[in-house]
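Have a look at the structure below, then the notes.
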Amino acid sequence: MTDKPSEHSPPHPYKSGVRDAPPVPIGAPALWNRNFRLFFVARAAAVFGEGMVPVALAAGLLGAGHSGSSVGYALGAWIGPFALFVVVGGVLADRFTARRMMIMADLLRLPGAAVLAVSFAAGGPPLWSVYALSALSGVGAALFQPGVASTIPRIAPDVQRANAVLRVVESLMTMAGPAVAGLLVALSGAGAAFAANGLTFVVSALCLFLMRIPAAPADTAVRGSLGSEMAVGWREFRDRSWLWGVIAIWTVYGLTVAGPMVPLTATLVTGEHGSAAYGVLMAVQGAGSAAGGLLALRLRPRRPLAAGAVALLGLPVNLVLLGSGASVQVLGAGQFLGGAAFAFWLVMWSTSVQTHVPQDALNRMHAYDVAGSLLMMAAGRALAGPAAEAVGAERVLLAGAGIAVLVVAALLLARPIRTLPRAGGPAVGG
């Protein structure tokens with residue numbers, strides 16, 4: 001078991017997990033080195049491709065005469081394997097290096113996208129094959145996702161700035177992916193959208209292949225069995241009260257706030273203002289996310305999780321507006337604020353994990369976070385419909401706003417979370 005650092009002990013790069021930013025050679029760019037440029041393109045391509053899939057699936061399956069529920073089943077076939085295998089993906093990334101696992105994951109998902117492209121272009125594949133290929137893509141995503149967290153601190157001299165820049169481009173690609181997919185479907189059908197999705201895997205894998213990341217001590221360390229590695233990861237997780245504290249609080253948030261918010265927002269806005277208004281509001285939310293990332297480029301709070309928790313107060317404002325039947329213009333302001341608040345929190349959270357958790361356990365820590373958050377959000381989405389039928393969608397959203405405030409209070413009242421310092425370099429602002 002890793003020794004737990006005392007509150008007053010000096011930081012050690014692999015025991016306490018607090019790591020200063022790597023030294024930047026004189027004359028070198030502060031962030032945009034060759035590795036980061038390649039990773040930036042890889043992430044932009046990956047998020048762009050992910051955004052295309054729901055549009056392509058909906059157009060392809062509905063166009064082939066299948067019911068609307070088949071789209072939900074296809075997306076569910078992706079989520080299930082992802083949630084089941086993401087922790088294993090974290091162990092494998094720590095074991096074989098994140099870069100190798102991400103390249104392998106891209107190559108694993110490429111044939112599935114190619115088969116779907118050809119099948120939909122030819123008239124529509126059988127449902128069982130769509131579900132199977134969606135499940136395979138979910139496994140690939142589970143192998144890919146844990147490595148994102150551990151790669152950033154190894155290629156970026158300034159981890160917070162890197163996370164903020166990536167959050168901006170991911171927000172923009174989240175908006176661009178569905179838009180381009182819709183255009184391709186309109187011009188050439190769902191097969192063209194899946195072909196473009198497959199191309200993003202090629203771009204991502206090529207960029208990751210071209211990266212040159214120096215080996216760390218953890219890369220050549222002797223590893224135990226898969227089970228023992230998962231046990232070590234769990235001990236690393238358990239020994240950091242701020243880490244499991246945030247994730248425990250976030251499971252409540254995912255179940256009661258983040259999960260129900262997506263389907264209920266879609267239902268309310270589409271029902272009262274139309275699908276076009278809903279699309280515009282989602283674009284505004286994406287713009288807000290980009291703004292939140294830009295804000296995180298400038299602010300460097302001494303207590304990043306505390307600052308991120310305060311920023312999260314923008315989310316209940318959005319929920320109150322949704323639950324009170326505000327006009328589209330006012331809802332747009334709420335969506336922008338909510339997107340900015342959540343993006344700022346994510347940058348603070350990601351940076352804290354990447355700079356306080358030892359490199360040799362970082363992939364597993366990120367996997368625990370993703371698995372817990374995803375499962376609770378999925379449960380929240382599933383329960384949103386019955387809850388809305390029982391008491392009304394507006395009341396569910398207003399209750400979610402109250403819970404969101406309590407979540408912020410819990411984050412700020414937990415001393416290990418509230419007092420976690422920013423790692424590396426002097427604090428400015430905040």
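The values are calculated or read from the model by the stated rules, or taken from the named source; none is laboratory data. Given the structure is predicted, the values throughout are model-derived calculations rather than measurements. Glycine gets a Cβ as well: all are built from the backbone with ideal geometry, and neighbour counts include every protein chain shown.
Residues are listed down the side, and each one gets a yes or a no for (1) under 30 Å from Gln359 (Cα atoms); (2) of a type in the set (Gly, Ala, Ser); (3) modelled with pLDDT under 80:
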residue	(1), (2), (3)
Leu183	no, no, no
Gly191	no, yes, no
Thr200	yes, no, no
Cys207	yes, no, no
Gly224	yes, yes, yes
Met230	yes, no, yes
His273	no, no, no
Val280	no, no, no
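Would you mention how many residues in segment 45-54 are within 15 Å of the chain's Cα centre (by Cα) and either β-branched (Val, Ile, Thr) or over 22 Å from Ala121 (Cα atoms) (or both)? Walk me through it before giving the result.
Filtering segment 45-54 for residues within 15 Å of the chain's Cα centre (by Cα) gives 45-51.
Still in the list and also either β-branched (Val, Ile, Thr) or over 22 Å from Ala121 (Cα atoms) (or both): 45-47.
The total comes to 3.
If you go through segment 375-394 one residue at a time, do you hit one that is over 24 Å from Thr174 (Cβ atoms), β-branched (Val, Ile, Thr) and crowded, with 18+ Cβ neighbours inside 10 Å? No: zero hits. Cβ separations smaller than 7 Å between residues 6+ apart or across chains give the following pairs from segment 175-194 residues that are under 11 Å from Ala59 (Cβ atoms) to residues that are among the aromatic types (Phe, Trp, Tyr): Gly189/Phe120; Ala190/Phe120; Gly191/Phe120; Phe194/Phe120.
Here are some residues: Ala340, Ala307, Ala326. Which one is of a type in the set (Gly, Ala, Ser) and surrounded by fewer than 18 Cβ atoms within 10 Å (Cβ to Cβ)?
Numbers: Ala340 fails: surrounded by fewer than 18 Cβ atoms within 10 Å (Cβ to Cβ); Ala307 fails: surrounded by fewer than 18 Cβ atoms within 10 Å (Cβ to Cβ).
Unique residue meeting the criteria: Ala326.
Any residue that is on the phi > 0 side of the Ramachandran plot and not acidic (Asp, Glu) - is there at least one of those in segment 315-329? Among the residues of segment 315-329, at least one is on the phi > 0 side of the Ramachandran plot and not acidic (Asp, Glu), which makes the answer yes.
Entry remark, segment 274-304: residues being of a type in the set (Ser, Thr, Tyr) and buried (at least 23 other Cβ atoms within 10 Å of the Cβ) number 1 in total. If you check Ala276, Ala309, Ala326 for being out of contact with any Pro (no Cβ under 7 Å at 6 or more places or on another chain), in the same structural domain as Leu398 (by TED's automatic domain parsing) and in contact (Cβ under 8 Å) with a residue 40 or more places away in the chain, only one passes: Ala309.
Name the residue that is farthest from the chain's Cα centre (by Cα), counting only residues in segment 310-323 that are surrounded by fewer than 20 Cβ atoms within 10 Å (Cβ to Cβ) and in a helix (DSSP H, G or I).
Looking at the filtered set, the residue picked out is Val320.
Condition (residue is under 24 Å from the mean Cα position of the chain (by Cα) and modelled with pLDDT of 90 or more) applied to segment 360-373: is it met by at least one residue? Within segment 360-373, none of the residues are under 24 Å from the mean Cα position of the chain (by Cα) and modelled with pLDDT of 90 or more. Answer yes or no: is there a residue in segment 345-353 that is more than 22 Å from Ala156 (Cα to Cα) and surrounded by 20 or more Cβ atoms within 10 Å (Cβ to Cβ). No, segment 345-353 has no match at all. A search for C-beta distances below 9 Å between a residue of segment 353-367 that is within 18 Å of Arg422 (Cα to Cα) and any residue that is among the aromatic types (Phe, Trp, Tyr) and in a loop (DSSP other than H, G, I, E, B), counting only pairs 6+ apart in sequence or on different chains, returns Pro358/Tyr14; Gln359/Tyr14.
Which of the residues that make up segment 64-81 are surrounded by 18 or more Cβ atoms within 10 Å (Cβ to Cβ) and of a type in the set (A, V, I, L, M, F, W, C)? The answer is Val71, Ala74, Ala77, Trp78, Ile79.
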